[in-house]
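J.: Submitted below is the structure of interest, expressed as structure tokens.
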Amino acid sequence: MSVLRSRPVLRWLVPAAAAVTVVGGGAAIGTFAAQAEPSLPPRSAAQLLVDLQTARLEGLSGTVVQRADLGLPPLAGLLGSGDDPTALLTGTHTLRVWHSGPDRQRIALVDTLGERDIIRNGRDLWTWESRSKTATHRTLPEAGTTEVEPSLPVTPQEAADRALAAIDPSTEVSVGRSATVAGRDAYELVLRPRDEASLVDQVRVAIDAREHVPLRFEVFADAADRPAFEIAFTQIDLRRPDADQFTFNPPPGTTVTEKPAVEKPAGAAGADGAGSAPHGGVPDGVRAVGEGWTTVLVVTTDQADRTGREDRGGRPGATGATSPGDLPSGAADLLGGLPEVSGDWGRGRLFSTKLVNVLLTEDGRLLAGAVTPERLYEVAKG
């Protein structure tokens, strides 16, 4: 059962978040440090779920800090693109956000190399980079014709919506300690997967005691005392921002590029509708196997001219996903160094972090999920 599958609150961040990259910057991790617990009236987990489902928010502005500690090697630049969203998978990053209804949103990312903005104002979608002095403009479809999902959450609300969509009998729901987040009192909702195949130990969502919006979202891996991923407001204003915040005029000297209008959602589910990822829908070409916490995403790559291809060390080229010659040297080295695994499902290489496992098979499949390797092998076997 999806608790918040149709929630509109803060869905505004989605139009271009998949293209966002933060190369540096950030805030002190100490901003997430625990403060004295506020004294709040008792509230059950069921009441908190209803609070989240019925919350109404017309506008806000604030500062969001995201920190990821997944145990990944340095990924920046491995894919050869400064717009690679994997940069958000390591380190600490900071952004400013503004929201004024479903069609006016702004995200500003500031790092040591400059500022990057994503601005939606009605059907106009702008992206701007101060360092390169470039801007792009797209026209969005008519209201209600599309909903584009980001590949990574950029607010506690977005992260919470994805996790809460996984709530079903496989999830244990309880109330944690009260907290103070961004100067506001909050309850804490705790979600624990019951399935041992999940690498997630628990998810903690701090919910504003008055307005019922998520202020902080934390994911803990098994046997971990620190979050593997957390995203939280460090400052928040729950008033509607001025309309001027969503008006973009390219600064002098900016090169403006017009992009084709967006015609369909980037995160639409496959035509067969099979499977359901916790974030509600998967991109074209990706198949979801299972439900909730133990969902595995499966990508089958084009194997034309790859069969039998070997790299210089006599091993399958890039585990069937691509040829090492097609990748930057850092990425090829990383893939070539992954441990080899095999079983009745076939052969491949395994990429492991605290919270995610990825299996790249010799026959050209990529399987990924916040699950144990054994769960990936089960899905690979079919």
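Only the coordinates and a few stated rules stand behind these numbers; no lab work does. Predicted, not measured: the structure shown is a model, and the values here were computed from it. A quick note on method: Cβ atoms are made from the backbone with ideal geometry, for glycine too, and the neighbour counts reach across all protein chains shown.
J.: Quick query: amide H of residue 371 versus all other amide H atoms, modeled in the peptide plane; which residues come in under 5 Å with a sequence gap of 5 or more or a different chain?
T.: 199, 357
J.: Contour minus end-to-end for residue 123 and residue 195, with contour as 0.36 nm per residue of separation and end-to-end as the Cα-Cα distance?
T.: Working: separation 72, 0.36 × 72 = 25.92 nm, distance 4.24 nm.
Stretched fully, the residue 123-residue 195 segment lengthens by 21.7 nm.
J.: Can you give the net charge of the other residues whose Cβ lies under 9 Å from the Cβ of residue 197, counting K and R as +1 and D and E as -1? Before the final figure, lay out the partial values.
T.: Details: positive: 375; negative: 195, 196, 374, 378.
Result for the neighbourhood of residue 197: -3.
J.: Something else now. What are the ³J(HN,Hα) couplings of the range 60-66, residue after residue, when phi is run through the Karplus curve with 6.51, -1.76, 1.60 and θ = phi - 60°? Round to Hz, x for glycine and proline.
T.: 6, 9, x, 10, 10, 10, 10
J.: Please give me the summed charge of the neighbours of residue 58: other residues whose Cβ is under 10 Å from its Cβ, Lys and Arg +1, Asp and Glu -1.
T.: Working: positive: 56, 239, 240; negative: none.
Charge balance near residue 58 sits at +3.
J.: What FRET efficiency comes out for the pair residue 130/residue 56, r = Cβ-Cβ distance, R0 = 41 Å, nearest 0.05? Provide the component values of the computation, followed by the final result.
T.: Details: r = 35 Å, r/R0 = 0.85.
Approximately 0.75, to the nearest 0.05.
J.: Oh, and also: Local charge sum around residue 345 (other residues, Cβ-Cβ under 14 Å, Lys/Arg +1, Asp/Glu -1)? Present the calculation step by step, with values, prior to reporting the outcome.
T.: On the way: positive: 347, 349, 365, 375, 381; negative: 340, 344, 362, 363, 374, 378.
Computed value for this residue: -1.
J.: Read phi for every residue in the range 132-138 and hand back ³J(HN,Hα) as whole Hz from Karplus 6.51 cos²θ - 1.76 cosθ + 1.60, θ = phi - 60°, with x for Gly and Pro.
T.: Once θ is set to phi - 60°, the couplings for the range 132-138 become 8, 6, 10, 9, 10, 10, 10 Hz.
J.: Separate question: Using each residue's phi in the range 249-258, evaluate 6.51 cos²θ - 1.76 cosθ + 1.60 at θ = phi - 60° and report the 3J(HN,Hα) Karplus result to the nearest Hz, with x for Gly and Pro.
T.: In residue order, the calculated couplings are 10, x, x, x, x, 7, 8, 9, 10, 8 Hz.
J.: By how many nm would the segment from residue 342 to residue 174 grow when fully extended, if each residue of separation counts as 0.36 nm and the alpha-carbon distance is taken off? If you can, show how the numbers build up before the last one.
T.: Values: separation 168, 0.36 × 168 = 60.48 nm, distance 3.92 nm.
Stretched out fully, the residue 342 to residue 174 stretch lengthens by 56.6 nm.
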